[in-house]
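Structure, as structure tokens:
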Amino acid sequence: MSAVLEGRAEGPTLRQRLAARGIDGATLLVLPCVALILGLFIYPFLYGLMLSFEPKDGSLFGNYARFFGDPFLYGTIFKTLRLAFPVTLLNLLIAIPIAFRVRLMRRQRLLTTLLVLPITLGTVLVAEGMLFYFGPQGWFNRALMAAGLLSTPISVLNGYWGVFISLVLTGFPFTFLLTLSYVTGIDPSLENAAATLGAGPAARFREVFLPLLIPGLAITFCLSFVQAYSVLPSAVLVGDPAGATRVISIAAYQAAFEEYDYSMASAIAMIMGAVQLLVVVAVLGCRSLFYRGPAAGAKG
Amino acid sequence: MQKSIMSRLWVFAVWAVIGLFLINLMGLIASVVTSSFGTRWLGTWLPAGFTTRWYFAAWDEFQLGDVLWVTFQAVGAVVLLSGLLGVPAAYALARREFPAKRAVMLLLLLPLLVPPITYGIPLATVLYKAGLGGTLTGVILANLVPTVPFVVLVMIPFIEQIDPRTEAAARVFGANIFQMFVHVLVPMLMPGVLAALLLVLVRTIGMFELTFLVSGPGSQTLVVALYYAVFASGVRAVQSIDAMAVIYMVTTLVWLIVALRFVNPTQIVGRGKRPAA
């Protein structure tokens, strides 16, 4: 009894004061999740960063010096970017008009379902299917030859274009779904207003939609780029893993699991992360040059 | 008149691109399926005959029974754990304002923004150091890294839609937080939880990179086993690899179709990724 009175005299208890700041039993539910990410994501990342500064030769920057001194290693950055940039840009450029067309459809479900297929099938299955479909005796070449468009089979496999096509097949649906969700988020009355004021389709797109879409498209570009950038299975299976499509993830994988040099592998993983981060920051930085504001009239 | 021809051409071009994409995609899938049922297929449109024996061959050659069992265990554990960890965390983030909330949100976004192969290599190193590399536990732990934040981010908008007074009423009637979760929130959130977990399921079956980096001979999931089969092709009949690919395809497609009964894919991507904006 007296303890309760004392507590009152001192003002709110610690528990009440914490609750006032939003910390109570329910808030603690976030802790297991945070612990998991700290333990399995942040800690390995920091561990990898430390490990990358402890190369086999004992010097601090040995791994990084080796990476940037060897064209076979630093060249992988450009090979990766040479694939990831055009693929992401192409996917985005195809996705925008299609999203605008699909937006007007009543029954989008079948089309979107068909487009989700490649995401769930994954790069391994698409690569395996491509080996067959685009092969010299595959249906692709046979159909083009039967139609008289080709005289000899074209070979897209085992090179740059094989990986390019596999990335479009697996990456486009993802880009499209994101773009579609941004496009449908724009209030249609804005377009109607522009049309009433006499703007044609091209002008409506340029003056109304594009400024509103830029932030969403920047995010879409980043997320799609991340997917294309980390290509591994298709670069090995349908590409030329020793030459034109020796992407940075192959270099990291070989260092870790073929040379068992985890220090070097971590260094390559860090370089990979840094390059990707630079691209994301650059894209999001460009975004801030454009209009930022609500895209939906009364939508909360 | 000029303008309408232009716009018709434009519409035609857009549909042509969609058609081209879908035809090639379907052709690709159909050629894998056809090959897996074919006897001999050299230089013709269709195989000489049809058979199901490649499925039996693939089942024996690749120990698919074991691989499917490992896949089932790994995916089941990942789905269950990401639900148990993710949904309560999403509740806390949707309902409470606390000092470090922005930092927590950023922490949860990072694993979705960094490609799996980048953090997979340091993660695999740590797991091998801890003696978990190559084990089923290691595979499960690695796969939780992207799925738990995914569940949290998908669930936050679902929880925000529920009227907070429902929970207040439950608390007034004397339910503690656990009871409130089990009897009030989970039944109301079921469609959202189901949608999120089914997507986790499909993602985990198809998650190649993390499983590839962490798994060992006894802990390969179906997609990794398929990769090794294609990588080392030439030793084995191409048709039995295709049969395995079809088995893989069917396992993901069944769950995808189930998932699509509960969610509209555009909504889920919008919901899942919007917080990144």
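Every read-out reported here was derived from the displayed coordinates using simple, explicitly stated rules and does not represent laboratory data. Quantities reported herein were computed from a predicted structural model and do not represent experimental measurements. Neighbour counts are summed over all protein chains in view; Cβ atoms, including those assigned to glycine, are modelled from backbone coordinates with ideal geometry.
Peptide B:86-97 has a mean of 5 when you count, residue by residue, the C-beta atoms of other protein chains within 10 Å of its C-beta.
The longest stretch of chain B left intact once loop-based chymotrypsin sites (Phe, Trp or Tyr not before Pro) with at most 14 other Cβ atoms within 10 Å are removed from consideration, loops following DSSP, is B:46-172. Among B:T71, A:T112, the order by Cβ neighbours within 10 angstrom, fewest to most, reads A:T112, B:T71.
How much net charge surrounds A:A244 when only other residues with a Cβ under 11 Å from its Cβ are counted (Lys, Arg +1; Asp, Glu -1)? Surrounding charge for A:A244 is +2. Neighbouring Cβ atoms from other chains, within 10 Å of the Cβ of residues in A:182-188, number 2 on average. The Cα center of the range B:55-104 and the Cα center of the range A:144-164 differ in position by 40 Å.
For the range A:54-60, putting each phi into the Karplus relation 6.51 cos²θ - 1.76 cosθ + 1.60 with θ = phi - 60° gives couplings of 10, x, 4, 7, x, 7, 6 Hz, in residue order, rounded to whole numbers and with x for Gly and Pro. Computed log10 I(q)/I(0) for the range B:1-51 at 0.15, 0.31 Å⁻¹: -0.57, -1.04, from the Debye equation with unit scatterers placed on every C-alpha and solvent omitted.
The count of lysine pairs in the protein assembly as shown that are at least 8 places apart or cross chains, and whose C-alpha atoms lie under 28 Å apart, stands at 5.
The radius of gyration of the Cα set in the range B:54-276, together with its Dmax, comes out at 19.7, 68 angstrom. Peptide B:191-203 has a mean shielding of 1, counted as Cβ atoms of other protein chains within 10 Å of each residue's Cβ. Computed packing ranks the peptides A:159-170, B:136-147 as B:136-147, A:159-170, most packed first, by mean other Cβ atoms within 10 Å.
Dimensions of the protein assembly as shown based on its C-alpha atoms, expressed as ranges along the principal axes with the largest first, amount to 96, 70, 51 Å.
Note on the range B:71-173: Cα-only Rg and Dmax are 16.4, 50 Å. Across chain B, the longest piece that holds none of the trypsin sites (Lys or Arg not before Pro) lying in DSSP loops with up to 16 other C-beta atoms within 10 Å covers B:41-235.
Over chain A, the ratio between the Cα radius of gyration and 2.2 N^0.38 Å evaluates to 1.35.
For the range A:106-123, 3J(HN,Hα) computed residue by residue from phi via the Karplus equation (6.51, -1.76, 1.60; θ = phi - 60°) reads 7, 9, 8, 5, 4, 4, 5, 4, 4, 6, 6, 2, x, 5, 6, 5, x, 5 Hz, glycine and proline entered as x.
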